[in-house]
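The values are calculated or read from the model by the stated rules, or taken from the named source; none is laboratory data. Everything quoted here is computed from the prediction, not taken from an experiment. Note that we place each Cβ from the backbone using ideal geometry, even for glycine, and neighbour counts take in every protein chain shown.
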Amino acid sequence: MYAFLRAIVRPLLPVIRKIYNTAKGIRSIGGSGGMITVELRRHNGETVRLPDGCEVRSGDPVLKVHLDDAWITEKRSSGWGQRTINWPRGVMRYFKEGFQLVASQIASGKYGEVVAVYGWTVLHAPARRFGFQVIDLPNNLRTKLARVYIGAMMEYYNIRGRKRYKSSRERLKVKAVWLSREEFLRLYRSQP
């Protein structure tokens, strides 16, 4: 069933992504932020307790991090070509640069008093290396749809690693990744 859904979703991804980004208020961070876009929102789930003692409660302002499809498309057409993107090693520096720009924007007050930075991803090991706490998501319809969508994105952009899941019975596991505001700033804010 997931293969069927991905076959339907894949050709529509650019349109779906554009509509989704507009509806959710997802915006580019500009500058050298590259592959990251952000969505300022309120946490609407259960309380998340982070290792540094931060508690993110329902209603708290949080910053959700997304990948920027336009940036990936531009990189592919200007240098990466059609070959497989070497994830995660080939783009780790772009994540770091993006996180540094987001940290400077958080510090400047651009996003108000966000409590934490988070996202949903299948790239768990790299997220841990970047300091994020990885949290399992409930096995509900929203998580299943995210798995289909992220799998379709990986196929669409020919991201390495997707074939491993295609050829095995293992499914992509979408998980939440969290960092408190203070820890995010400590790790990524440029030192004067």
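A few points about this structure:
- Top-ranked residue in segment 37-52 [being in a strand (DSSP E or B) and not acidic (Asp, Glu); ranked as surrounded by the most Cβ atoms within 10 Å (Cβ to Cβ)]: VAL38
- Residue list for segment 144-192, restricted to those being under 18 Å from VAL48 (Cβ atoms), modelled with pLDDT under 90 and crowded, with 20+ Cβ neighbours inside 10 Å: VAL174
- If the condition is being part of a helix (DSSP H, G or I) and acidic (Asp, Glu), then segment 60-74 contributes ASP69, GLU74.
- Selection of first residues in segment 120-132 that are on the phi > 0 side of the Ramachandran plot and of second residues that are surrounded by fewer than 18 Cβ atoms within 10 Å (Cβ to Cβ) and at pLDDT 85 or above, restricted to Cβ pairs under 7 Å at least 6 apart or on distinct chains, gives the following pairs, ordered by first then second residue: GLY131/LEU187.
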